[in-house]
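Working notes, structure below.
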Amino acid sequence: MNKSDFARELAIRTNIHKSEAMRITNVMLDIFSERLNRKEKMQFSGFGAFETRLTPKRMVRNPRTKEEVIIPARYKAVFKPSAKLLGELNADKAE
């Protein structure tokens with residue numbers, strides 16, 4: 001699903017025009033980006049949490065040339081699903 005698909009689904013489920021759903025989607029994504037850029041954690045009960053984590057610098061080796069390169073520390077966005085969401089995802093796997 002891409003952003004346009006999401007906006008279309010939002011429009012259908014909320015009975016609003018697709019352009020309004022796209023505006024809401026863009027605002028939502030802006031809020032997510034701003035909060036993650038400020039290193040703030042966002043939690044949604046029953047769904048999960050989004051946060052930024054710092055990955056430390058590390059040494060890697062190019063397998064072809066054997067040259068060692070340092071990858072600098074950087075932030076990454078991570079999502080941790082809630083227990084409820086994981087339970088729903090794995091409900092059909094229960095035996």
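Just so it is clear, none of the values below were taken in a lab; they were calculated from the coordinates. Since this is a predicted model, take the numbers as computed values, not measurements. Every residue, glycine as well, gets a Cβ built from its backbone with ideal geometry; the counts of neighbours run over all protein chains shown.
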> For the chain, with only Lys/Arg (+1) and Asp/Glu (-1) charged at the beta-carbon, what is the dipole magnitude about the Cα centre, in debye rounded to 20?
Replying inline: 520
> Relative to the longest principal Cα axis of the chain, at what angle does helix 3-14 sit, 0 to 90 degrees, rounded to 10?
Replying inline: 30
> In sequence order, what are the phi-derived ³J(HN,Hα) couplings for segment 57-71 according to the Karplus relation 6.51 cos²θ - 1.76 cosθ + 1.60 with θ = phi - 60°, rounded to whole Hz, with x for glycine and proline?
Replying inline: 5, 8, 9, 10, 10, 6, x, 7, 9, 6, 6, 8, 9, 9, 8
>> Counting only pairs 8 or more residues apart or on different chains, how many lysine pairs in the chain have their Cα atoms under 13 Å apart?
In response: 5
> How compact and how long is the chain, expressed as Rg and Dmax of its alpha-carbon atoms in Å?
Replying inline: 19.2, 58
> Using θ = phi - 60° and the Karplus curve 6.51 cos²θ - 1.76 cosθ + 1.60, what whole-Hz ³J(HN,Hα) does each residue of segment 22-32 get, with Gly and Pro shown as x?
Replying inline: 5, 5, 4, 4, 5, 5, 4, 5, 4, 4, 4
> Full extension from Phe32 to Asp5: what is 0.36 nm times the residue separation minus their Cα-Cα distance, to one decimal in nm?
Replying inline: 7.9 nm
> Comparing Arg74, Arg38, Arg61, which has the greatest mean-square fluctuation in the GNM of the chain with Cα pairs linked when under 10 Å apart?
Replying inline: Arg61
